[in-house]
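Q: The structure's right below; bear with me while I get my questions together.
The values are calculated or read from the model by the stated rules, or taken from the named source; none is laboratory data. Owing to the predicted nature of the structure, the values given are computational and were not obtained by experimental measurement.
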Amino acid sequence: MFKKILVAVDGSEISKKVIETAAVVGKENEAEVILLHVGEEINLYLYPYARGQLLSAQYNQEYNETVQKQAKELLQIAKEKIQANGIHAIDVYACGNPAQKIIEYTKENPIDLVIIGNRGLGPFKEMMLGSVSHKVSQLANCPVLIVK
């Protein structure tokens with residue numbers, strides 16, 4: 001039923017459960033798993049630093065390269081866990097707003113299912129409706145499995 005599964009990973013504790021769930025669903029459906037991590041690179045040199053100084057463009061570039069390196073390491077670990085279950089997996093890194101990038105990916109690629117975590121936001125988590133998982137569940141053009 002599900003031949004291409006998009007799995008959103010972010011390195012959180014719930015992300016580990018998301019990967020485990022993706023392994024089970026992927027194996028049961030003999031599906032390809034696409035692991036997607038969305039990084040939010042920023043322009044640090046636009047923010048005031050010590051005593052009104054601005055950070056250099058070089059530091060900004062180094063910061064964003066570090067973010068990308070960490071994302072690739074995270075994706076590699078997730079990919080190895082999925083492949084250990086005999087499932088074909090690929091990893092994708094995108095930059096921008098997580099909900100928007102996940103939704104764009106489902107619209108630009110033939111995705112049958114999205115698996116995403118629902119991270120609690122403290123004592124008001126039941127009342128918070130602006131989360132990435134909520135937006136994806138409302139706007140994706142395929143079924144969305146939210147893991148708690």
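Q: Answer with yes or no whether SER56 is modelled with pLDDT of 85 or more and among the small types (Gly, Ala, Ser).
A: Considered against the rule, which asks whether it is modelled with pLDDT of 85 or more and among the small types (Gly, Ala, Ser), SER56 comes out as no.
Q: Looking at (1) modelled with pLDDT of 95 or more; (2) at positive phi, which is the only condition ALA22 fails?
A: (2)
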